[in-house]
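The values are calculated or read from the model by the stated rules, or taken from the named source; none is laboratory data. If you're wondering where the values come from, they're calculated on a predicted model, not measured in any experiment. Methodologically, a virtual Cβ is constructed for each residue, glycine included, from the backbone with ideal geometry; neighbour enumeration extends over all protein chains shown.
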Amino acid sequence: MSPPVAAPGTLLAEQITLLRQLLEKLQEERRILSSGATLDLPPITAAKSELYRAVADLEAQRRVWQGSGTALPAAPAADRDELLRCILRINAENGQIIDALGRFTQGAWKLLFATEDPIYTPNGIAGAQRPSGLIGSA
C-alpha cells in the first residue's frame, strides 16, 4: 500500500486539532452530566462519534506512514499522546458519572415503585414492574 497523500506532520497536526475538539466535547459532556440536563447529550454524543471516526481515519493513515519507515515529528507526537491520555481519563470519569446516574435512577425507581426487579434487564428488555411502592400505593 502506498503512503497517503498527507505528510506525517500534517496528519499529526490534523489529529491534534481533532483531539482538542474531542477533549472539548468530553468536557462539555461532563458539564451536562453534572448539571443533570441529560436531554442536551444527544448532539454531544453525535459530535463525539464523528470526531472519533475522523481521528481513527487519520490514525489509519498515520500507521501507513509508520509502516513505511517514515519517522513522525517527536514534539507533535508527544502532544498527541498527552491529549490522548487526557481524553482517556475524562472519558473514563464521564463513564463513572453515567454509571452513578444509572444507579441513582434505579434506586429512585425502587423507592417510588417498591420493586426489586430491574427496570431493564442486561439485554435492554423492560423488566416486570409491580406497582406497590410510594406511587403505586397512593
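Kindly indicate which of P131, P122, P118 is surrounded by fewer than 10 Cβ atoms within 10 Å (Cβ to Cβ) and at pLDDT below 80. Steps first, answer last, please.
Details: P131 fails: surrounded by fewer than 10 Cβ atoms within 10 Å (Cβ to Cβ); P118 fails: surrounded by fewer than 10 Cβ atoms within 10 Å (Cβ to Cβ).
Step by step, each of P131, P122, P118 is checked, and only P122 is surrounded by fewer than 10 Cβ atoms within 10 Å (Cβ to Cβ) and at pLDDT below 80.
Could you please give the count of residues in region 71-100 that are farther than 13 Å from L23 by Cβ, in contact (Cβ under 8 Å) with a residue 12 or more places away in the chain and among the polar types (S, T, N, Q)?
Here is the first cut: in region 71-100, the ones farther than 13 Å from L23 by Cβ are 71-78, 81, 92, 95-100.
Next, only the ones that are in contact (Cβ under 8 Å) with a residue 12 or more places away in the chain stay: 71-73, 76-77, 97-98.
Pick out the ones that are also among the polar types (S, T, N, Q) and you get none.
Here the count works out to 0.
When you go through G69, G107 one by one, which is the residue that is loosely packed, with under 11 Cβ neighbours inside 10 Å, assigned to a loop (DSSP other than H, G, I, E, B) and either among the β-branched types (V, I, T) or out of contact with any Pro (no Cβ under 6 Å at 6 or more places or on another chain) (or both)?
Working: G107 fails: assigned to a loop (DSSP other than H, G, I, E, B).
Going through G69, G107 in turn, just one is loosely packed, with under 11 Cβ neighbours inside 10 Å, assigned to a loop (DSSP other than H, G, I, E, B) and either among the β-branched types (V, I, T) or out of contact with any Pro (no Cβ under 6 Å at 6 or more places or on another chain) (or both): G69.
One line per residue, one yes/no per condition, for (1) under 21 Å from E93 (Cα atoms); (2) touching a residue at least 12 places away in the same chain (Cβ under 8 Å); (3) assigned to a helix (DSSP H, G or I); (4) polar (S, T, N, Q):
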{"position": "Q15", "(1), (2), (3), (4)": "no, yes, yes, yes"}
{"position": "L23", "(1), (2), (3), (4)": "yes, yes, yes, no"}
{"position": "P42", "(1), (2), (3), (4)": "yes, no, yes, no"}
{"position": "D57", "(1), (2), (3), (4)": "no, no, yes, no"}
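Going through R30, R53, R80, R89 one at a time, which residue ends up being surrounded by fewer than 17 Cβ atoms within 10 Å (Cβ to Cβ) and more than 30 Å from F104 (Cα to Cα)? Break it down stepwise before answering.
Working: R30 fails: more than 30 Å from F104 (Cα to Cα); R80 fails: surrounded by fewer than 17 Cβ atoms within 10 Å (Cβ to Cβ); R89 fails: more than 30 Å from F104 (Cα to Cα).
Of R30, R53, R80, R89, the one residue that is surrounded by fewer than 17 Cβ atoms within 10 Å (Cβ to Cβ) and more than 30 Å from F104 (Cα to Cα) is R53.
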